[in-house]
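To keep things clear, I will list the structure first and then write my remarks on it.
Every read-out reported here was derived from the displayed coordinates using simple, explicitly stated rules and does not represent laboratory data. On a predicted model such as this, the values are computed, not experimentally measured, just so you know. Here the Cβ positions follow ideal geometry from the backbone for every residue, glycine too, while neighbour counts run over all protein chains shown.
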Amino acid sequence: MKLSNRLSAITDYVAPEDKIIDIGCDHALLDVYIAKELGKRLIASDIHEGAVNNAAKNIEKYDALKEIDLRLGNGLNVVNPEEINTIIIAGMGFHTIKDILSNKEKLTNVNKIIVQSNTDVIKLRKFVISLGFKINREKLVKDSDIIYTVIEFVRGEEKYSYEAIYFGPRILENKDELFTEYYTKKLLKYENLLLQLPSHEIRSILHHKKLIRIIKKELDIE
Ligand SMILES: C[S@@+](CC[C@H](N)C(=O)[O-])C[C@H]1O[C@@H](n2cnc3c(N)ncnc32)[C@H](O)[C@@H]1O
């Protein structure tokens, strides 16, 4: 089966030893792929009954009942800590992801979090790092004209500069054409915004000037 670029990027970070829960599985196509193409058993869950029903249909359709343990419920409430060592969360906003990962007693055995947030990737990096994780791998991926960030966090400590948190430390090490595309657009957006900001909004002006400066530096623009 063929996954979207976004979901496919997540599967690149799945390893044989991972004991996975995919939270917010919705259609469960990611889970069917992990079960059938990567040969793994895993837990898939969703808070909405409609989503779980959709997932159940796909799991049956692709004959993955043996591999996928489907559960209905909120975030990590549906598992015991010893059942998992890896969490996948994709396609949600930062605040929902933060709420889910704040259930700290369920994280005891978790040594890997693969995450794709639809919003606030910078806040997401800071938050997951504050839980005792570091960024192992990450990449930009384009899907239907939208560029997403997929991050693999693992247990550990690493110090990060402002720029590393902003762009992503591993993304900075490997600046590809998506990087240029993504930040060229952001640069234009911030430059336009700066022109429109009222002169009394000094903090915001300084903040945007700083972002423009660091983006230009990484894009090698003077
Ligand atoms: C936009 S879909 C993303 C589906 C899939 N993960 C993907 O990336 O394509 C988000 C899903 O997360 C589920 N969801 C939202 N909050 C949740 C929570 N606290 N616990 C479990 N599932 C949740 C929603 O019901 C929805 O099915």
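Just a few scattered comments:
- Taking a straight line from the alpha carbon of residue 19, these lysines sit under 16 Å away, with near neighbours fewer than eight places off in the same chain left out: 36, 40, 66, 106, 112.
- Reachable aspartates and glutamates from residue 217, criterion Cα separation under 13 angstrom, eight or more residues apart if same chain: 163
- Of the residues 119, 86, the one with the fewest other Cβ atoms within 10 Å heads the list, and the complete ranking is 119, 86.
- Rg/Rg_ref, the range 178-218, where Rg_ref = 2.2 N^0.38 Å and atoms are Cα: 1.18
- Alpha-carbon centroids, the range 156-222 and the range 78-131: separation in whole Å: 25
- Gaussian network model of the chain, springs between alpha carbon atoms under 10 Å - residue of 123, 19, 104 with greatest fluctuation: 104
- For the chain, share of DSSP beta bridges that run antiparallel, in % to the nearest 5: 45
- Residue order, fewest to most beta carbons within 10 Å, for 92, 1: 1, 92
- Cβ crowding within 10 Å averaged over residues, with 205-212, 106-113 ranked highest first: 106-113, 205-212
- Proxy reagent accessibility, fewest Cβ within 10 Å first, across 105, 83: 105, 83
- Taking only alpha carbon atoms, the chain gives an Rg to Rh ratio of 1.02, where Rh is the Kirkwood radius.
- Under 30 Å from the Cα of residue 210 - lysines, other chains or at least 8 residues apart: 98, 123, 126, 134, 139, 142, 159, 175, 185, 186, 189
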